[in-house]
Amino acid sequence: MDNLRIAVILGTNRNGRTGPAVSRWFVDLARTRADMEIDVLDVADLAAEERYGHGHGAPLADFGPRVAAADGFVVLTPEYNHGYPGPLKSAIDSARREWFGKAAGFVSYGGMSGGLRAIEQLRLVFSELHVATIRDTVSLHNASAMFADDGSPTGDLSGAESAVKLLLDELRWWTLALREARERRSYPA
C-alpha cells in the first residue's frame, strides 16, 4: 500500500566519467529500498530534437506520463557555470500539471560547491511547479576525485550514503503525506 513510485531524473550528461558514476552510485543505493519503486528518467536518453527542437514547454514523448505516474522525485544534477544543465530545464518544462502537489529531493555534484548552486536554482523552478522540495540534499564536492575511471568509489562514501538515506526517508514522509492529500482532494492549482 505504501510503496511509492519515485522518478529519479538524471540531469547529467554522459561525457566523462563523473556523471555516469554518480548516477549509478545513487540509483544503486535507491534501489535497495523496499518501500520505493525507482523509475529512472535519463534526460540524455531524449533525442536531441526532443531536448532542443520543440521550443519552451513542448511535451516530450514519454516524459510527462512518467512524471504523472510518479509519487515523488529525486533530481540528480551536476553544476555547470553556477547552474544546472539546459537539457534538464527543457525536460522539466515539458510537463506542467504532472508535477503539482508532489515532493522532490536533490542530489548534486560538482567542484568545490558540490552542485549546491544548481540545487538552489532548481528549488525556484520546482516552487513554480507546485512541488514541495526536501530541505536535506546529497551534495558531492569535488566529485571527479570520488570515483575511479571504472566508476567505482575511490574512498569511503559512508557520509554521502547516510545523506542518501536521510534524503530518501524525508522524501518518503513528504511523498506519502502529499499522496494521501491528493487522494482526499484535488490539488487546487
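Given that compact globular proteins tend to follow 2.2 N^0.38 Å, what is the ratio of the alpha-carbon Rg of the range 95-144 to that value?
That works out to 1.23 for the range 95-144.
How do Phe126, Phe26 rank when sorted from fewest to most other Cβ atoms within 10 Å of their own Cβ?
Phe126, Phe26
Running a GNM on the chain with Cα contacts under 10 Å, which residue among Leu124, Leu178, Leu88 ends up with the highest mean-square fluctuation?
Answer for the Gaussian network model of the chain: Leu124.
Taking the Cβ of each residue in Phe63, Phe73 as the centre, tally the other Cβ atoms inside 10 Å and list the residues starting with the fewest.
By the 10 Å Cβ count, ascending: Phe63, Phe73.
Per DSSP helix of 4 or more residues, -39500 (n - 2.57); summed, then divided by the residues of the chain. What does that give at 222 nm, rounded to the nearest 500?
It comes out at -12000 deg cm²/dmol, rounded to the nearest 500.
At a 10 Å Cβ-Cβ cut-off, how would you order Met112, Met146, Met36, fewest neighbours first?
Met112, Met146, Met36
Using the crude model of +1 on Lys and Arg Cβ and -1 on Asp and Glu Cβ, and no other charge, please compute the dipole size for the chain relative to its Cα centre, in debye to 20.
460
What residue among Ser144, Ser113, Ser158 has the largest mean-square fluctuation in a Gaussian network model of the chain, using Cα springs under 10 Å?
With Cα springs under 10 Å in the chain, the top fluctuation among Ser144, Ser113, Ser158 is at Ser158.
I need to check one value: relative contact order of the range 4-184, counting alpha carbon pairs closer than 8 Å and at least 6 residues apart, in percent.
24
So if we plug the beta-carbon distance of Ala145 and Arg185 into 1/(1 + (r/R0)^6) with R0 = 41 Å, what FRET efficiency do we get, rounded to 0.05?
Efficiency, from the Cβ-Cβ distance: 0.25.
Mean-square fluctuation check for the chain, GNM, Cα pairs under 10 Å: which of Gly11, Gly159, Gly64 is largest?
Of the options given, Gly159 has the highest mean-square fluctuation.
Every read-out reported here was derived from the displayed coordinates using simple, explicitly stated rules and does not represent laboratory data. The model shown is predicted, which means the values in this text are computed figures rather than measured ones. When we count neighbours, we look across all protein chains shown, and the Cβ atoms used for this are built from the backbone with ideal geometry, even at glycine.
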